[in-house]
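Here is the structure we will look at, set down as structure tokens.
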Amino acid sequence: QIPQISYASTAPDLSDNSRYDFFSRVVPSDTYQAQAMVDIVKALKWNYVSTLASEGSYGESGVEAFIQKSREDGAKSLGCPRHPRRGGHSPEPRGPAPSPLPEPSAYRRCSLPRRVLEAAKRANQTGHFIWMGSDSWGSKISPVLHLEEVAEGSVTILPKRVSVKGFDRYFSSRTLDNNRRNIWFAEFWEENFHCKLSRHALKKGSSIKKCTNRERIGQDSSYEQEGKVQFVIDAVYAMGHALHNMNRSLYPQPRAILRTGAGSSCRREQQAPLPGLWGWGFFPIPAVGAETPCPAGIAGTPVTFNENGDAPGRYDIYQYQIRNATAEYKVIGQWTDHLHLKLESMQWPGGGRQLPSSICSLPCKPGERKKLVKGIPCCWHCERCDGYQYQLDEFHCKRCHFNERPNENHTSCTPIPIIKLEWSSPWAVVPVFIAIVGIIATLFVVVTFVRYNDTPIVKASGRELSYVLLTGIFLCYATTFLMIAEPDLSTCSLRRIFLGLGMSISYAALLTKTNRIYRIFEQGKKSVSAPRFISPASQLVITFSLISLQLVGVCIWFIVDPSHSVIDYEDQRTTNPHFARGILKCDISDLSLICLLGYSMLLMVTCTVYAIKTRGVPETFNEAKPIGFTMYTTCIVWLAFIPIFFGTSQSAEKMYIQTTTLTISVSLSASVSLGMLYMPKVYIILFHPEQNVPKRKRSLKAVVTAATMSNKFSQKGGFRPNGEAKSELCENLETQALATKQTYVSYSNHA
């Protein structure tokens, strides 16, 4: 009778589960199996797994026990329907759904692992999933046959058991003729040999043949002993011993004799009927005598039960591995109340030894915060703390202070680097070189003029204003060093003073010169008397009056807004914090700079207007011509400066470009004045001293007459490009005037 009981016991469930309670109590309960699987998951450092179970008490109760034991939230369970449908969650192949097997089928639960592996193979997910199977998978070959690569690395558990000797010989001898009592054996026969017992069940064109009853188990089909045979035998004997004890309790006087044979098998001697106990009848069982019951099960291990009536859990842990093209289940550990797992013996898909991860969400990288998925606390999305934010804690980001930026991995804030224009920078080398050359040239001119201070050319150039103009040129060059020096209170104060002062001194002196020439010739057209305020002292007063306006404006600026240095963190606060810089600079905004240079620009424009008006002065009296060229060139320089300076306000190199542009523009303005006004004079003084002689005296009337005649000739079109009359005519007019006029005012040739 053992084979029939063994086979029937593998059915998932019957209409009344209590009929098989005696078997399920001997097999380790779902609680132990779930605990063993949870321990394996923890040992493999998996914290998020999906569960897939067959419908019914076995699968669903197992998943429920697993979830309870894991104590994790968010576990997913995907039920496998009894009637797979195309397009649903079922891992069944495409095509007509197979006919559902009768409910008490031994194959529904056993076929689930294979169907899942087939579905994974069809979806090209080989190696993507790591499977963990319960004892329904165990170490069976049938679920993984021809699916070895998909199943590689799978971890399964199986209760400790031994193969029952004699069972294989007995079961392989069963046929349809000698095993009619088992109502499921015919169904097993058809399934095992892929044939049909009824001719009417055959379909035309089908490869399934009719059963001949000459098939033999293990010869015409693969066979392996069902793993639970041992437990079925132990269950039967446990039930027998229980009824023996109950019989002895109910009937103190012995009604039957049970003789204990050799080993652990008990031989029935005679039968005595017992009344039904649970509303349904028992087959007659052996009566129990005073002898000791069988102490051990078929495997030699004690058959014991805990306080819940469950047998203790003892499991072998297997892994399906492929080594040298050979696939096999290899024991990698055991579980008896606690886990013993040999991690070094495990092998994963592709022959890898590194433990695969199984988590819902990877740990967030440094600088990332967790954004939890609603309802699943172990799942989250990682969001980068971008921009100027850093990771405050596991779930929050916070913006750094205005003078800080996040470090490379956004875990903390670091001070933003402070930059300034360094002396070694190419942006500083070029302006400094120009300034040094300009200062040397200016000092050379000053020394030359001082050395030849009493020569006619120096006198004719207006010594007083020349020295003032040279001072302004020197300050323009010196401003470069203030603009590049490290900003502090003193440096910023000097910048405010000298940036506009050098240009104001230069253009005030030039404006005074051109205005003097203009007034002389305008006055000569009206009268022979000399205009007022043309003496050297008057010229100096006018010049210093114009310069004082610049100084008054600077003083007012100091009172309203005292000078200081600042660190500007907004000017180069780039989108990428890595490139953010703080700029150490003076508190001079673009608007303040315009106001600072605005007065100098006004003097420059006014001087240019007078230079244009005096362009018609005769060549022999004309210093306005080089002044005019100087002012035209200077205007061009500053017209180029404006778009370069303000057009780079959004550039990352703004500080460097604007400082370099400003210093070079100021130096070029000074160089134009120095080169056009003084270099020709220095050249004559040093290399052509024969030309450094006094010219003949000229009266005011001669000068005025020459200017008037020049204008007349200019109106007739007989003029030179600069508007002056021919030299010959001027000379004749001057000669006539000198012959008729005895009282005259003398002027140098530049006047």
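The values are calculated or read from the model by the stated rules, or taken from the named source; none is laboratory data. None of these values were measured; they are calculated from a predicted model. Neighbour counts run over all protein chains shown; Cβ positions are idealised from the backbone, glycine included. Heavy atoms of the whole protein, side chains included, go into the accessibility calculation; ligands, DNA and RNA do not. Shrake-Rupley method; radii C 1.70, N 1.55, O 1.52, S 1.80 Å.
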Practice problem: Would you mind giving the average projected area, over all directions, of the Cα convex hull of region 450-559 in nm² with one decimal? | Solution: 8.9
Practice problem: Determine the per residue accessible area of region 368-415 with all protein chains present and a 1.4 angstrom probe, expressed in square angstrom. | Solution: 65
Practice problem: Can you list which of the trypsin sites (Lys or Arg not before Pro) found in region 494-590 are DSSP loop residues with at most 13 other C-beta atoms within 10 Å? | Solution: Arg532
Quiz item: So which of Lys69/Lys370; Lys45/Lys365; Lys140/Lys203; Lys69/Lys330; Lys42/Lys160; Lys140/Lys196 end up more than 29 Å apart, counting from Cα to Cα?
Solution: Lys140/Lys203
Quiz item: Separation between the Leu443 and His578 pseudo-spin-labels, each 7 Å from Cα along Cα→Cβ, expressed in nm?
Solution: 4.7
Quiz item: Using the per-residue mean of other Cβ atoms lying within 10 Å as a proxy for protection, in what order, highest first, do the peptides 552-558, 138-144 fall?
Solution: 138-144, 552-558
Practice problem: Please report, in whole Å, how far the alpha carbons of region 165-224 spread along each principal axis, starting with the longest. | Solution: 43, 23, 16
Self-check item: Mean projected area in nm² (Cα convex hull; one quarter of hull surface) for region 423-463
Solution: 3.4
Practice problem: Mind giving me the nanometre distance, one decimal, between the label points for Ser425 and Ile594, set 7 Å out from Cα along Cα→Cβ? | Solution: 2.4
Quiz item: Under the Kirkwood approximation for Rh and a Cα-based Rg, what ratio Rg/Rh is obtained for region 384-449?
Solution: 1.52
Exercise. Could you tell me, in Å, what Rg and Dmax come out for the Cα atoms of region 117-198?
Key: 17.1, 47
Practice problem: In Å and from the alpha-carbon atoms only, list the Rg and Dmax of region 368-415. | Solution: 12.0, 40
Quiz prompt | Percent accessible area from carbon and sulfur atoms, region 165-224, protein chains only, probe 1.4 Å | solution = 48
Exercise. Please work out how much length the chain gains when fully extended from Lys459 to Gln125, using 0.36 nm per residue of separation minus the C-alpha to C-alpha distance, in nm with one decimal.
Key: 110.2 nm
Exercise. Find out how many positive minus negative residues lie around Leu499, taking Lys and Arg as positive, Asp and Glu as negative, among other residues whose Cβ is under 15 Å from that of Leu499.
Key: +1
Self-check item: Carbon plus sulfur fraction of accessible area for region 368-415, probe 1.4 Å, in percent
Solution: 51
